[in-house]
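No value in this document is a laboratory result; all are computed from the given coordinates. Here the structure is a predicted model, which is why all the values come from computation and not from measurement. We place every Cβ from the backbone using ideal geometry, glycine too, and count neighbours over all the protein chains shown.
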């Protein structure tokens, strides 16, 4: 297939075939939403293996998982670089070039995640650190890049697609960490700490948190065994007042069953996550922001995820098959000092109205701009027989997450039309009016979209 765009790719709407990432935390086979969504586009030639984990499907132009035109097989990155003004618009192209090589790129990476095992305990570097890590790897490996393939930051958001989505995000309020130190003797011993005041803990937060990774494996194994024995006999009460309030005994057992090895950082990560991080339970449609350098680990569920275009990650625990953990001191040093309740990171929503959404009632926009600027996310829910008209000024990617009897999209002066089923993905070029309708006789349809504007 020629790398040159055909006439089909030069129309206002391009169907995409998107790549699945077989990450070890993913659900297996057809139980993975990411895998089922990949199967929705036959042109992607995805072959399902019921014994394989499928953690993510990527929608965008990042080289680690580039989407392609379903009609021609040309990579979206190629189309954007050959026709930047048509695919991005001049303002977006000028404002968000690839920071590594200066080429035109989509400023966001859109994903669907589907997992039943905890993701690595991780954070994504800010621009300054990303540039330094890229430079260091460049010098060490004579220009080759395996881990840090770009110099961009990676703030991100997640919106639940499953009925329940669980995650650890950001540091807890200092007074909650102090309460755990008061209630849980194993934690006090692990971090070698008396019970400080909240102000003292706030000043020493990262230092105290870092001690969870400093202990030797034998000590961690002994303290984990002691804690687990108390959890088995006392339930949530073994974890103190907050443990009872949040029902954390179940979570402790879950992560220790998934990652039991005392000779790695996995058991240390249990202490780090349970006692220092916000435990978040979101319902379908609820979202949370993860700024650059913010510690997080998703636990279970399906979600939409969107981020500034990058694949940089520093992780220190719950690695699975993702490779060895990164240096704990680097991990702790980079972390954003943001102790506070998780509601501070919750994404507000507003009903979008004209000129962007004509109906004034079917489209919800997530309040992402208070956290990051590269992208916005919308959720469109249209009843059977009804229609929404979107006028998005920048480049946009849409994925159908509930299809009913089908979702009809039409765009452009020549009324380019397509009927999509659940899991299908389209790229819509900037400045085009997109009409979205649910077919008669079905249920409400749902479409998520990510877009950029300068």
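From the alpha carbon gyration tensor of the stretch 230-312, can you work out the equivalent ellipsoid semi-axes (sqrt of 5 times each eigenvalue) and give them in Å, largest to smallest? Mind showing how you got there, number by number?
Working: eigenvalues 133, 57, 26 Å².
Taking √(5λ) for each eigenvalue gives 26, 17, 11 Å, largest first.
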The relative contact order of the stretch 318-444, taking Cα pairs under 8 Å that sit 6 or more residues apart, comes to a percentage of 22
Ordered by packing density, taken as the mean number of other Cβ atoms within 10 Å over each peptide's residues, highest first, how do 219-230, 86-97 rank?
86-97, 219-230
At q = 0.12 Å⁻¹, base-10 log of I(q)/I(0) for the stretch 349-451 (Debye sum, equal scatterers on each alpha carbon):
-0.34
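Treat the count of other C-beta atoms within 10 Å as a stand-in for reagent exposure and order 67, 353 from fewest to most. Intermediate results must be reported in sequence, preceding the final value.
Values: 67 28, 353 13.
Listed from fewest to most nearby Cβ atoms, that is 353, 67.
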Compute the long axis of helix 174-183 from its Cα atoms, compare it with the longest principal axis of the Cα atoms of the chain, and write down the angle in degrees, 0 to 90, nearest 10.
40
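To the nearest 0.05, how large is the calculated FRET efficiency for residue 199 and residue 330 if R₀ is 25 Å and r is the Cβ-Cβ distance?
Working: r = 27 Å, r/R0 = 1.09.
Taking R0 as 25 Å, the efficiency between residue 199 and residue 330 is 0.40.
Could you work out the relative contact order of the chain? I mean the mean sequence separation of Cα pairs under 8 Å and 6+ apart, divided by the number of residues, in percent. Write out the running numbers ahead of the final one.
On the way: 1107 pairs, mean separation 89.7, N = 454.
For the chain, the relative contact order is 20 percent.
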Report relative contact order for the stretch 173-270 in percent, whole number only (criteria: Cα-Cα under 8 Å, sequence separation at least 6).
28
Once both axes come from the Cα atoms, what is the angle between helix 127-140 and the longest principal axis of the chain, in degrees from 0 to 90, rounded to 10?
80
Apply 1/(1 + (r/R0)^6) to the Cβ-Cβ distance of residue 91 and residue 241, taking R0 = 45 Å, and write down the FRET efficiency to the nearest 0.05.
0.30
Separation between Cα centres of the stretch 280-297 and the stretch 72-108, rounded to whole Å
28
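Which length gain, in nm to one decimal place, applies between residue 454 and residue 51 when the Cα-Cα distance is subtracted from 0.36 nm times their residue separation? Working shown, then result.
On the way: separation 403, 0.36 × 403 = 145.08 nm, distance 4.35 nm.
The span from residue 454 to residue 51 would gain 140.7 nm if fully extended.
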If we sort 26-38, 241-253, 103-115, 362-374 on the protection proxy, mean other Cβ atoms within 10 Å, highest first, what's the order?
103-115, 26-38, 362-374, 241-253
Can you tell me the orientation of helix 248-258 relative to the chain, as the angle in degrees between its alpha-carbon axis and the longest Cα principal axis, to the nearest 10?
80
Compute the length gained on full extension between residue 321 and residue 419: take 0.36 nm times their separation in residues and subtract their Cα-Cα distance, giving the result in nm to one decimal.
31.5 nm
Starting from 0 in steps of 5 Å, tell me what percent of the Cα-Cα pairs of the stretch 173-270 lands in each bin.
2, 14, 23, 25, 22, 12, 2, 0
Pseudo-spin-label distance residue 338 to residue 373, built 7 Å along Cα→Cβ, given in nm, is 1.7
Sort 398-404, 70-76, 445-451 by packing, meaning the average of other beta carbons within 10 Å per residue, with the highest value first.
445-451, 398-404, 70-76
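Kindly put 58, 318 in sequence by how many other C-beta atoms sit within 10 Å of each C-beta, fewest to most. Kindly include the intermediate steps, with their values, before the conclusion.
Working: 58 21, 318 25.
So the residues, fewest neighbours to most, are 58, 318.
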All alpha-carbon distances of the stretch 289-352, grouped into 5 Å bins from 0, give the whole-percent distribution 3, 12, 20, 24, 23, 11, 4, 2, 1
With a Förster radius of 45 Å, plug the Cβ-Cβ distance of residue 221 and residue 163 into 1/(1 + (r/R0)^6) and report the FRET value to the nearest 0.05.
0.80
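Using 0.36 nm per residue, how much length does the chain from residue 232 to residue 24 gain when fully extended, once their Cα-Cα distance is taken away? Write out the running numbers ahead of the final one.
Working: separation 208, 0.36 × 208 = 74.88 nm, distance 2.81 nm.
Working it through step by step, the gained length comes to 72.1 nm.
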